[in-house]
Amino acid sequence: MRFKYESPSILRKAAIGFSAPHRWRSGMRPWVFDNLSGIRFQLSQDEETVIRKLAASMGKRPPGPSLDTAFDYVAGAIARKRLGYPFDWCRISTWTSDDGDSGLVTAEPNGPEPIA
């Protein structure tokens, strides 16, 4: 898995509340860590909503490598959106809870395509 979802721990919540008591709620969002580049980025509200929809869809399926691939695809789309390539994110962000299972299947890449 390239990306790892991280939620704030109790100590992290306490540190944020102590260092910025008036803004502590804005610092309570989970983040995603990129194992390849070592970058950690905090999720915005709409990104967190899509991750929660994906988690709900993933909960209905048996564990397997395809679920890790689907999470990596969504987290990669978030990272690409922040770099100025919002195309995948625009498609993913329009998913509804009913589309979660079908979107999960279509979001899973089939691997690299052969070069002709």
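The values are calculated or read from the model by the stated rules, or taken from the named source; none is laboratory data. A quick note: this is a predicted structure, and the numbers were derived from the prediction, not measured. For the accessible areas, the whole protein counts, side chains as well, though only heavy atoms, and no ligand, DNA or RNA atoms are used. Shrake-Rupley method; radii C 1.70, N 1.55, O 1.52, S 1.80 Å.
In units of the rule-of-thumb radius 2.2 N^0.38 Å, the stretch 33-98 shows an alpha carbon radius of gyration of 1.11.
Run the 1.4 Å probe and let me know the accessible area of MET1, rounded to the nearest 10 Å². Near enough 120 Å² of accessible area.
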